[in-house]
Amino acid sequence: MVEMQLDERKIKIMQAIIRNYLETGEPVGSRTISKYTDLNLSSATIRNEMADLEEMGYILQPHTSAGRIPSDKGYRLYVDTMMEEKDKELEELKEMMLEKEDKMDNLLKQVAKLLAVNTNYATMVSAPAVHRNKLKFIQLSRVDVNQLLAVIVMEGNVIKNNILQVAEELNDETILKLNILLNTHLNGLALEEINLGTISAMKQQAGIHSAIVSDVIDAIAEGIKADEDLEIYTSGANNIFRYPELADQQKASEIINTFEEKQMLTELVQDTLSDESNTGIQVYIGNETPIQTMKDCSVVTATYELGEGMRGTIGIIGPKRMDYDKVIGTLKTITHQLDDLYKKK
């Protein structure tokens, strides 16, 4: 029945005590707590709440200090109850992203078809990839004695799961400390912003578990290389045969193969997205085209954005005498419509 007395205020104070103690290793006083919470409580009120938490067995007061430290019962509450919020958030995220991914997949296929029919040219649309991806949060949890599951959530709600091998079984308190350490230092950073100083400081704080910090950094780096799995939807490749200057059997087959294999299309998309200033229309004529097999074509690309750094490329490939005015107008309309659709979701 005592558990029912833990109202939101006590839980926030409890969280602040645990987070602060795990970061500093020092007993936590009421003044420190007032800086760590958004409750705007006086030190006297916080002291009363801390006295209640101590009576309930969630915190202890060392003899030599006026500050408090978490008890085993306090750690257990934090691990079992407060980490549930992240689990719930993660499940909701996964469900939402699976549904959204399926819808986006079908939508982009339709966009490629629509463009091919509307222009009578060949078309490609890349699925959105996250550019300069930043970390939202990291969660470590035990799989078995020698394995941890690292769930890494990045901007755009991209979720990566990695199994980490550990030399010995880690208890709940250690896993909790590692979670707080990783999130305190890494949340909001892009991979490029995680420098050696940050990694060194984290390893020092992790002590004998510094190898886990290295493994998590490696998992983040691997997860952010999302471009390797770039999905590209194409349509209308056979439209190439409509134009005599491209209908030569060798030329046409090279272009068709480029659409089927998609490797060179992937490189075109990566080049387009790597230029941060490129958020508009790009026109490549003849030899300007990055794709060798399309040197007799013109390629017009547009970059679309779906928020939180999610960017993709739409491309139209046709003869050098293509109707540029119509193509550019169509691409502008499509990118605006994609943007509007995303905002409504």
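Quick check on the stretch 175-198: of everything there that is in contact with a His (Cβ under 9 Å, 6 or more places away or on another chain) and surrounded by fewer than 19 Cβ atoms within 10 Å (Cβ to Cβ), which residue is modelled with the lowest pLDDT? Here the residue is Ile194. The residues listed here are Ala201, Ala226; of these, the one that is among the aliphatic types (A, V, I, L, M) and modelled with pLDDT under 80 is Ala226.
Among the criteria (1) touching a strand residue (DSSP E or B) at 6+ places or on another chain (Cβ under 8 Å); (2) surrounded by fewer than 19 Cβ atoms within 10 Å (Cβ to Cβ), the one Val153 does not fulfil is (2).
Among residues of the stretch 18-61 being in a loop (DSSP other than H, G, I, E, B) and of a type in the set (D, E, K, R), the one that is surrounded by the most Cβ atoms within 10 Å (Cβ to Cβ) is Glu26.
Could we say that Arg9 is under 34 Å from the mean Cα position of the chain (by Cα) and surrounded by fewer than 16 Cβ atoms within 10 Å (Cβ to Cβ) here? Judged against the criteria, Arg9 is a match.
Among all residues of the stretch 271-283, there is at least one that is assigned by TED's automatic domain parsing to the domain that holds Thr313, surrounded by fewer than 16 Cβ atoms within 10 Å (Cβ to Cβ) and at pLDDT 85 or above.
Being in a helix (DSSP H, G or I), of a type in the set (A, V, I, L, M) and over 25 Å from Leu77 (Cβ atoms) is the requirement here; does Ile199 meet it? Yes; evaluated as a whole, the condition is true for this residue.
The values are calculated or read from the model by the stated rules, or taken from the named source; none is laboratory data. Quick caveat: nothing in here was measured; it's all calculated off a predicted structure. Reconstructed Cβ throughout: ideal geometry from the backbone, glycine too, with neighbour counts over all protein chains shown.
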